[in-house]
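Peer 1: I'd like to ask some things about the structure below.
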Amino acid sequence: MNALPHFWAHHACIDLVNSRFADHLGSGAFYDRLPLREWRLAFLAHWGLLETGAADEPEAVDALWGLRSALRTLLEARSRREPLPVADVEALNAAVAASPRTVRLQAPLAGRPRLVQAAIRPDWRWALAEVAASGARLLAGGEADRLRVCANPDCSWMFYDASRGGSRRWCEAPICGSLIKVRRHRARQRAR
């Protein structure tokens with residue numbers, strides 16, 4: 001297993017969920033990148049949260065484990081169009097609320113000013129709240145209809161389907177898609 005994924009998702013919450021994944025080949029093995037400091041640093045850097053200390057604080061790592069579990073449950077339920085489990089919604093809301101925020105006016109040199117949320121204390125709780133908020137935005141928005149779990153029954157990878165028709169089935173067609181097609185082909189050959 002590589003410490004880093006070869007691509008990042010469209011949403012921080014999906015990247016966190018995918019830090020634990022199944023071996024797509026069907027061995028039954030699971031891999032977990034969350035304990036790897038290199039992965040945590042890359043994840044936080046990618047999402048602009050590196051300065052928060054979330055990569056090394058033991059409390060932060062424990063909180064990321066809990067948030068990942070709640071997010072997986074919520075995102076999978078949403079992808080199946082099922083009601084969201086109340087306990088996981090409450091866990092997500094608690095993570096979002098754990099970091100005090102303020103609203104600031106951002107006035108660029110050119111263009112229109114806008115209001116932005118900012119952390120009062122940009123610590124690891126802020127990083128956790130930002131990842132949780134990405135999950136809340138995804139769950140509440142219409143784009144949640146594009147949440148998918150790979151159609152390979154041996155793969156646990158979640159993804160956001162950005163395809164034009166919204167019909168993507170595989171985390172990666174060259175990997176899981178080809179693997180399943182080869183398995184089906186071999187099964188047909190054996191049946192003959």
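Peer 1: Assess whether GLU82 counts as being of a type in the set (D, E, K, R), out of contact with any Leu (no Cβ under 8 Å at 6 or more places or on another chain) and part of a helix (DSSP H, G or I).
Peer 2: When the stated conditions are applied, GLU82 does not pass them.
Peer 1: Now for a different question. Which of the residues that make up segment 45-75 are in contact with a helix residue (DSSP H, G or I) (Cβ under 8 Å, 6 or more places away or on another chain), without any contact (Cβ under 8 Å) to a residue 60 or more places away in the chain and charged (D, E, K, R)?
Peer 2: Once the filter is applied, which keeps residues that are in contact with a helix residue (DSSP H, G or I) (Cβ under 8 Å, 6 or more places away or on another chain), without any contact (Cβ under 8 Å) to a residue 60 or more places away in the chain and charged (D, E, K, R), segment 45-75 yields ASP56, ARG68.
Peer 1: Taking segment 20-53 only, how many residues are in a loop (DSSP other than H, G, I, E, B) and modelled with pLDDT under 85?
Peer 2: Summing the residues that are in a loop (DSSP other than H, G, I, E, B) and modelled with pLDDT under 85 in segment 20-53 gives 7.
Peer 1: If THR102 satisfies all but one of (1) closer than 28 Å to ARG168 by Cβ; (2) at pLDDT below 90; (3) surrounded by fewer than 13 Cβ atoms within 10 Å (Cβ to Cβ), what's the number of the condition it fails?
Peer 2: (1)
Peer 1: Can you go through VAL61, VAL17 and tell me which one is over 12 Å from the mean Cα position of the chain (by Cα) and either of a type in the set (A, V, I, L, M) or modelled with pLDDT of 95 or more (or both)?
Peer 2: Going through VAL61, VAL17 in turn, the sole match is VAL61.
Peer 1: Out of the residues in segment 147-172 that are among the aromatic types (Phe, Trp, Tyr) and not in a loop (DSSP other than H, G, I, E, B), which is surrounded by the fewest Cβ atoms within 10 Å (Cβ to Cβ)?
Peer 2: So the residue we want is TYR160.
Peer 1: Could you please let me know if GLY66 is modelled with pLDDT of 95 or more and either touching a Ser or Thr at 6+ places or on another chain (Cβ under 6 Å) or not in a strand (DSSP E or B) (or both)?
Peer 2: In short, yes.
The values are calculated or read from the model by the stated rules, or taken from the named source; none is laboratory data. As the structure is a computational prediction, the values presented were derived from the model and not from experiment. Reconstructed Cβ throughout: ideal geometry from the backbone, glycine too, with neighbour counts over all protein chains shown.
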